[in-house]
Amino acid sequence: MAYLRWAPAIWQLSQRRFMAAATLVGACGVVSFVIGYTHRIRMLNEHVMWAIHLRRSFEIFALSFVYAVTLFLTSYTLFWVLNSMMGKVIFEMYLPALTATFAGVCGYLTFVQAELMNAKTLASLLPFFVIAGVGTACSTTNDPHWFRNNFSELGDRTTFAASMFNITLVFGGLSIIIITYFAISELIATYQVVRPNGSVGIRTPQVSYHIPRFKVRITLLSILLTLSGIAFIGIGTFRYTPHPILHNVFARGMPCVMFALLITLPWLAPQLSRAFFVISDIAILVCVIAGISWLQGENTLTNVEALAAMLFLGWFIGFSRQIAAIEADRIQQQLIAHEVVNTAKLDDLISDEESAGFNTVLTDTNSPVLAAQADTDQHRRQVASQLARN
């Protein structure tokens, strides 16, 4: 409301009002996320080394950036859609209330996701702001025939729609690089896991845990994933008209990087499931068929580029889900290794409770089962805290 009252006239245009409202929504979401994520990792623990503090600070900064961009683009798109439906005069009356509503909802969602943060949750944000940014650019462009040549023509101008498209690509590339950092960190952490009986193992039983040339594989995987993000950044940074050579380098280099990544994935990351390898091969096959149809004049380059981009984003989400599953198995193995639950003792206590008869008082602290559960929960919290500090 203060912005609508005191902002200069040039900043009272509809698009700039939506930008200001979306910025407020993003800021509220980021503050909520930082509070939740800091509570999750217990960053203020005095026993944690300064190097871990530094790494956690980088994680908070990187994740906050991803959430800020996602919330900004998504809320801006929603404001634009609602304004088109309600009309400018009526929508202006509801803009403060809608901003507060979006900020509250986003603050709650980001706090919950901060408590449950993993690579899967982070990668799930990618389609939201990519679709929101590109969709807004397509809807607000003043060139109704932008799709005649290729997808990059949408950003080959200096208009608001073109800027929105290019910024979306840049932020999407940065998000891919950030998610790559978390995914690679988890693969390295999983490689160091030792089972309670002293043997080593990974999630996929068909692959032995000792991976030959592990450092080489993980380095090449990191490079290919990072290059895919850099390609998105280059396409959005260098428009075709002033920089045709640089634009083509990134635009044509991106499918080459994606092809190399998908075709070598079974060797680069044998920890992943075989079903995911099949999905990667299918994605390559679909892109090849679409490319052949374009060369034969039966399809447009815009459709091929859009299909390839969406397939890659979908593949990236699936890749992150695989990483999240590996992370869950690693945490479970660590909990078992620390003997968080003594199943034999707990079975004996349950038998004693059943022999004593059914107890209708659910909060009976004299119950041996509840006492064992309380001890187990306390031990689990201590172990989880220690794992978080490590």
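How would you classify region 1-117 from its alpha-carbon gyration tensor, with a ≥ b ≥ c the square roots of the eigenvalues: rounded for a/c under 1.5, else prolate if a/b is greater than b/c, otherwise oblate?
Prolate shape, in that a/c is at least 1.5 and a/b is the bigger ratio.
For a quick check: sort Arg148, Arg239, Arg5 by the number of other beta carbons within 10 angstrom, fewest at the front.
Details: Arg148 11, Arg239 20, Arg5 6.
The most exposed by this proxy come first: Arg5, Arg148, Arg239.
Please compute the modelled spin-label separation between Ile263 and His53, points set 7 Å along Cα→Cβ, answer in nm with one decimal.
4.9
Arrange the following residues from fewest to most other Cβ atoms within 10 Å of their Cβ: Met310, Met1, Met164, Met19.
Least crowded to most crowded, the residues run Met1, Met310, Met19, Met164.
Rounded, prolate or oblate: which fits region 140-329 when a ≥ b ≥ c are the square roots of the eigenvalues of the alpha-carbon gyration tensor, with rounded for a/c under 1.5 and prolate only if a/b beats b/c?
Verdict is prolate for region 140-329.
Taking the Cα centre of each part, how many Å lie between region 57-134 and region 237-292?
Each part reduced to its Cα centre gives a spacing of 29 Å.
Values in this text are rule-based calculations from the coordinates and carry no lab data. The structure displayed is predicted, hence computed values, not measured ones. When we count neighbours, we look across all protein chains shown, and the Cβ atoms used for this are built from the backbone with ideal geometry, even at glycine.
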